[in-house]
Amino acid sequence: MEIKGSTNVVGLIGHPVEHSFSPPMHNAAFNKLNMDYVYTAFDVNPNDLKTAIVGADALNIKGFNVTIPHKIEVMKYLNEIDEVAKLIGAVNTIDFKNLKGYNTDGIGAIKAIGEVTNVKNKNVVIAGAGGASRAISFYLAKYGVDQLTILNRNVEKAQKLANDVLDSELIDNVESDSINNMNLSDADILINTTPVGMHPNVDDVPIAQAGDMHDNLVVFDAVYNPNETGLLKQAIEAGAKPVYGIKMLLYQGAESFEIWTGKKAPIDVMQEALIKYLGL
């Protein structure tokens, strides 16, 4: 990669950012398409967030990904927020052409699951009620799931998210319950958005047992380290179809790439770079 005076800059802002997977993934894509772009990471202290956005706009930076702890606060400094990102209440991608914020986490999950099945008209169970669950839940509603059940250890948090999704009027069938009451017998898709099973606790699973997993079930785990989590091992043993967390990382990044450049992302190249970087 040759950096020139004409090189377009995109990047990531967060605090911290040094372990981000995004630079190798995006720079591999730019190299493949011979695009005069470079992707780098910027560690931005929360107190400096407004200055960072104003400065980036002045410096003609083309786009940012946004990670913790800035996904909510950064919305104050944008001119426009995408409709679904507004419902989610968080932004993870900024396009500086019009200073517009998007959230690509949810669409990343939809496209990952889409490699195995379409979510439209499906009965979906989601474990967790945090930021990832919120992003995915609104996109599931947008893409036409028939029923959504949100489960969490803190049932009040699950109920609040369920009510917020219902209030969007994108779906009229959303329920909430304790994660201990998970029932998969009638489910088409199970999604884990909790950190349970993440390295180093690789043998943990978000549910006590998988006795009601079945061979028509699709199981997506947003955890990507390890690649094959305890939950996905259970799914495979039960004959269910696994969807790996790395796919969500891949597709949310590809969506950002296309927002910034207007070009179709080279998925295979980005996936290869991601796998290499994560050592999978």
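Tabulated data
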read-out	value
Number of positions in the stretch 49-80 that are closer than 21 Å to Asn8 by Cα, part of a loop (DSSP other than H, G, I, E, B) and out of contact with any strand residue (DSSP E or B) (no Cβ under 6 Å at 6 or more places or on another chain)	2
Among (1) modelled with pLDDT of 95 or more; (2) more than 21 Å from the chain's Cα centre (by Cα) - the single one Ser178 does not satisfy	(1)
Identity of the residue in the stretch 210-231, within 18 Å of the chain's Cα centre (by Cα) and open to solvent by less than 40 Å² (accessible area, probe 1.4 Å), that ends up modelled with the lowest pLDDT	Pro226
Helices (runs of 4 or more DSSP H) wholly inside the stretch 81-187 containing at least 3 residues that are open to solvent by 30 Å² or more (accessible area, probe 1.4 Å) and closer than 30 Å to Ile53 by Cα	83-88, 131-142
Any hit, the stretch 65-72, residues being surrounded by 21 or more Cβ atoms within 10 Å (Cβ to Cβ) and basic (Lys, Arg)	yes
Test: Lys241 is at pLDDT 90 or above, farther than 30 Å from Val10 by Cβ, open to solvent by 50 Å² or more (accessible area, probe 1.4 Å) and not hydroxyl-bearing (Ser, Thr, Tyr)	yes
Residues being modelled with pLDDT of 95 or more and surrounded by fewer than 17 Cβ atoms within 10 Å (Cβ to Cβ) - total across the stretch 10-23	1
Any pair with Cβ under 6 angstrom, 6 or more apart, that starts in the stretch 47-67 at a residue that is touching a residue at least 60 places away in the same chain (Cβ under 8 Å) and ends at one that is in a helix (DSSP H, G or I)	Lys62/Trp260; Gly63/Trp260; Asn65/Ser22; Asn65/Ser256
Test result for Ile275, in contact with a helix residue (DSSP H, G or I) (Cβ under 9 Å, 6 or more places away or on another chain) and either open to solvent by 40 Å² or more (accessible area, probe 1.4 Å) or free of Cβ contacts under 8 Å to residues at least 40 places away in the same chain (or both)	yes
Pairs, first more than 15 Å from Ile113 (Cβ to Cβ) in the stretch 228-248, second in a strand (DSSP E or B) and open to solvent by less than 10 Å² (accessible area, probe 1.4 Å), C-beta under 7 Å, six or more apart	Thr229/Asp221
Count of the stretch 248-272 residues which are in a helix (DSSP H, G or I) and under 18 Å from the mean Cα position of the chain (by Cα)	16
Residue within the stretch 95-113 that is at pLDDT 95 or above and more than 25 Å from Val10 (Cβ to Cβ) present	yes
Residues (within 11 Å of the chain's Cα centre (by Cα) and of a type in the set (Lys, Arg)) located in the stretch 96-141	Lys111, Arg134
Failed item, numbered, when Val44 is tested on (1) touching a residue at least 12 places away in the same chain (Cβ under 8 Å); (2) surrounded by fewer than 19 Cβ atoms within 10 Å (Cβ to Cβ); (3) of a type outside the set (Gly, Ala, Ser)	(2)
Residue list for the stretch 1-41, restricted to those being aromatic (Phe, Trp, Tyr) and either in contact (Cβ under 8 Å) with a residue 60 or more places away in the chain or in a helix (DSSP H, G or I) (or both)	Phe21, Phe30, Tyr37
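The values are calculated or read from the model by the stated rules, or taken from the named source; none is laboratory data. In this text the structure is predicted, and so the values were computed from the model without any measurement. Backbone-built Cβ (ideal geometry, glycine too); neighbour counts: all protein chains shown. We work out accessible area using only protein heavy atoms, side chains counted, and drop any ligands, DNA or RNA first. Shrake-Rupley method; radii C 1.70, N 1.55, O 1.52, S 1.80 Å.
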